[in-house]
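The values are calculated or read from the model by the stated rules, or taken from the named source; none is laboratory data. Source: prediction; values computed, not measured. Glycine also receives a Cβ, built like all others from the backbone with ideal geometry; neighbour counts cover every protein chain displayed. With ligands, DNA and RNA removed, areas are computed over all heavy atoms of the protein, side chains included. Shrake-Rupley method; radii C 1.70, N 1.55, O 1.52, S 1.80 Å.
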Amino acid sequence: MTLFASNSAVETADQFFVLAERWIVAHVPGTARALVADVISAVALLAVFASLFAMTTVLERKGLGRIQNRYGPNRVGPFGILQPLADGIKSLTKEDIVPLAADRWVHYFAPLVLVVAAFSMYAVLPIGRNMVLANMDAGVLFFFAVSSVMEVSIFMAGWSSKNKYSLLGAMRAIAQMISYEVTLILAAVTVVMAAGSLSTVTIVEKQAGYTGILPHWFVLTPWGFAGFVLFMIAATAEANRSPFDLPEGESEIIAGYFTEYSGFKFALFFLGEYIGMFAMSGLGITLFLGGWTAPLSFLTWVPSYLWFFAKLLFLIAMFIWIRGTLPRLRMDQLMNFAWKFLLPLALIDLVAAGLWRFLPNEAVRWIVCSVLVVGSYVLLGRGLARGWKLEKRVYRFAE
């Protein structure tokens, strides 16, 4: 009896938000129930990830401050935790300046298109068990189709401003995002091959089992680990994060494609980039880290949505760490890295994923796939580094 009660409590905690939504929908007339359910889910997603955006801006500034030996936000509220509120008020009250020569309508809609596309990607991400807005058979395909709209919005912003720096930043962004999106999609294809489905819900379910205490996550295979690393590198470039933040290179082209934006429109670009980064991280979690599943079999009592957000916060911390650690690449280094290293390695990883599926023996699988992935990494890395002229860094101090 006690065990039954315990299992019931765990199930209730895990499905609390699902049950709450069903309870609300049950009090709505039958013809409007589907619409009300979708609205509730959409509003919840908007509220949760907008709040996560506000929290991340403080954590990132604090983290970068620690890395760079400075304080970070510490004036607004206790320990600076109200900084996002101050930023929001400032964005709402700042003057909205539009250049005289700009295409006003395209200039106006560019940040709106970016934010709408970024939020739309969450529709197919399973946040927890039975917690997905749209369970599509082609969920992964929908995700990448919507994410490509972000590239269009960036070009809209750069072109409509009638500013050469903005246009240069937009063209940099388009070249970068298209180059790294190829690797991003190929890394995702390995998981689609292994799961036999484009549905994000099915992909998570394929990873939901355990052998002993260890999960069946795809990242715990040689091809899955390589695919996850490739996916996250490409996602970093897609989000224009350091060290791939060339489209916004402040020291080179002022602020890139949103140079001519101010006030709330600028804040929308800022929001869209972070929301897009969260969405890419969420897809990486879904494809390689088991989605909402627990990392060990004896931890399945923890609500599934908490595991999803724990993994998401871990990846956000990695983004912050990388931003504070690595310097910006040059444009030629950026393109060489994408086309001469990541793309060939992603294609070889596809072969490794296929061999993993058809090789009969477990030990042979591990040996063959590991040798293929590691050997390709070493050879491609040496080939990429052959043309580099690296010198020892010397620090000089003013006398």
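The table below gives the values:
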{"item": "Meets criteria (within 27 Å of Leu133 (Cβ to Cβ), in contact with a strand residue (DSSP E or B) (Cβ under 9 Å, 6 or more places away or on another chain) and not in a loop (DSSP other than H, G, I, E, B)) for Ser41", "result": "yes"}
{"item": "Which listed residue is closer than 25 Å to Lys311 by Cα and out of contact with any helix residue (DSSP H, G or I) (no Cβ under 7 Å at 6 or more places or on another chain), from Val124, Val115, Val48", "result": "Val48"}
{"item": "Yes/no for Val149 being farther than 22 Å from Phe244 by Cβ, out of contact with any Lys or Arg (no Cβ under 8 Å at 6 or more places or on another chain) and open to solvent by less than 60 Å² (accessible area, probe 1.4 Å)", "result": "no"}
{"item": "Residue in segment 272-307 that is farthest from Val106 (Cα to Cα), counting only those that are within 13 Å of the chain's Cα centre (by Cα) and either open to solvent by 30 Å² or more (accessible area, probe 1.4 Å) or without any contact (Cβ under 8 Å) to a residue 40 or more places away in the chain (or both)", "result": "Ile285"}
{"item": "Within segment 145-174, tally of residues that are of a type in the set (A, V, I, L, M, F, W, C) and within 20 Å of the chain's Cα centre (by Cα)", "result": "8"}
{"item": "Failed item in (1) surrounded by fewer than 14 Cβ atoms within 10 Å (Cβ to Cβ); (2) more than 26 Å from the chain's Cα centre (by Cα); (3) over 20 Å from Ile275 (Cβ atoms); (4) basic (Lys, Arg), with Lys94 passing the rest", "result": "(1)"}
{"item": "Criterion (assigned to a loop (DSSP other than H, G, I, E, B) and either open to solvent by less than 40 Å² (accessible area, probe 1.4 Å) or not basic (Lys, Arg) (or both)) met by exactly one of Ala101, Ala157", "result": "Ala101"}
{"item": "Tally, over segment 336-358, of residues that are over 22 Å from Met277 (Cβ atoms), open to solvent by 40 Å² or more (accessible area, probe 1.4 Å) and not β-branched (Val, Ile, Thr)", "result": "7"}
{"item": "Any chance Ala26 is surrounded by fewer than 15 Cβ atoms within 10 Å (Cβ to Cβ) and either touching a Phe, Trp or Tyr at 6+ places or on another chain (Cβ under 9 Å) or modelled with pLDDT under 90 (or both)", "result": "yes"}
{"item": "Members of segment 160-180 that are open to solvent by 20 Å² or more (accessible area, probe 1.4 Å) and among the hydroxyl-bearing types (Ser, Thr, Tyr)", "result": "Tyr165"}
{"item": "Filter pass, Val28 being part of a helix (DSSP H, G or I) and over 19 Å from Arg241 (Cβ atoms)", "result": "no"}
{"item": "Selection count, segment 31-48, where residues are of a type outside the set (D, E, K, R) and open to solvent by 60 Å² or more (accessible area, probe 1.4 Å)", "result": "7"}
{"item": "Extreme residue, nearest to Ala157 (Cα to Cα), among residues of segment 65-87 that are touching a residue at least 24 places away in the same chain (Cβ under 8 Å) and buried (at least 16 other Cβ atoms within 10 Å of the Cβ)", "result": "Asp87"}
{"item": "Top-ranked residue of segment 213-243 - restricted to ones that are part of a loop (DSSP other than H, G, I, E, B) and closer than 26 Å to Gly354 by Cβ, ranked as most open to solvent (accessible area, probe 1.4 Å)", "result": "His216"}
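Matching residues to (1) in a loop (DSSP other than H, G, I, E, B); (2) farther than 30 Å from Thr259 by Cα; (3) touching a Leu at 6+ places or on another chain (Cβ under 9 Å); (4) of a type in the set (A, V, I, L, M):
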residue	(1), (2), (3), (4)
Lys162	yes, no, yes, no
Met171	no, no, no, yes
Val182	no, no, yes, yes
Leu198	yes, yes, yes, yes
